[in-house]
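S.K.: Can you keep this structure in mind? I'll have questions shortly.
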Amino acid sequence: MDINDEYNAKFQDLCNKMPNYQYIFEVTKLCGHGQFLTIHKKQSLLDLYKMISLFYECKDIKGLFFINNCTGERIPVPITEEISIWKFIFSHNNGSNQIIKPVYPVPCKIVYRLYFDDGHTHGDNACELKVFV
């Protein structure tokens, strides 16, 4: 096996195993721009805020939230070190009641859309939420 084949095999192995211990979020700004980010399932909701803050270079996040797939209402993500990301997702997806659903259909990996309000405006107008379901 040459070095490129070895790299490709290891990278594919990483991608295949990642959903076992990390969530994939499509972090979507209110204007509609979205980016995939991964974070360990055991990390706290505060860690999620920190990761998004670093990635987007935003020191003042106005809010993170999911959209309830049943009602269309916002599900705010609290800023806390006391709740893991896994517990938060699980608490909204117990049994057959799937409030936070994956964005893409099977056989795609599970990706949850997480909305990110950075307070960005266009002139005097705040960005409007563009919901993608």
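Values quoted throughout were computed directly from the atomic coordinates according to the rules given, and no laboratory measurement underlies them. Quick caveat: nothing in here was measured; it's all calculated off a predicted structure. Here the Cβ positions follow ideal geometry from the backbone for every residue, glycine too, while neighbour counts run over all protein chains shown.
S.K.: Can you compute the helix-only [θ] at 222 nm over the chain? Use -39500 (n - 2.57) per DSSP H run of at least 4 residues, normalise by all residues, nearest 500 deg cm²/dmol.
M.R.: -9000 deg cm²/dmol
S.K.: Okay, next question. Met18 to His33: extension gain in nm, 0.36 nm per residue of separation minus the Cα-Cα distance?
M.R.: 3.0 nm
S.K.: Counting DSSP beta bridges in the chain, what percent are antiparallel, to the nearest 5?
M.R.: The antiparallel fraction comes to roughly 75 percent.
S.K.: Relative to the longest principal axis of the chain, what angle (0 to 90°, nearest 10) does the C-alpha long axis of helix 3-21 take?
M.R.: 50 degrees
S.K.: Let me ask something additional. Using a cut-off of 14 Å between beta-carbons, work out the net charge of the residues near Ala9 (Lys and Arg +1, Asp and Glu -1, Ala9 not included).
M.R.: Net local charge, Ala9 excluded: -2.
S.K.: If you average 1/r over every pair of different alpha-carbon atoms in the chain and take one over that average, what Kirkwood value in Å do you get?
M.R.: In the chain this quantity evaluates to 16.2 Å.
S.K.: Right, another one. Below 14 angstrom from the Cβ of Phe36, what's the summed charge of the other residues (Lys, Arg +1; Asp, Glu -1)?
M.R.: +2
S.K.: Take the alpha-carbon centre of region 67-102, take the same for region 45-61, and report the distance between them in whole Å.
M.R.: Comparing the Cα centres of region 67-102 and region 45-61, I get a distance of 19 Å.
S.K.: Compute the helix-to-body angle for 45-56: its Cα long axis versus the longest principal axis of the chain, expressed 0 to 90° and rounded to tens.
M.R.: The angle comes out near 90 degrees.
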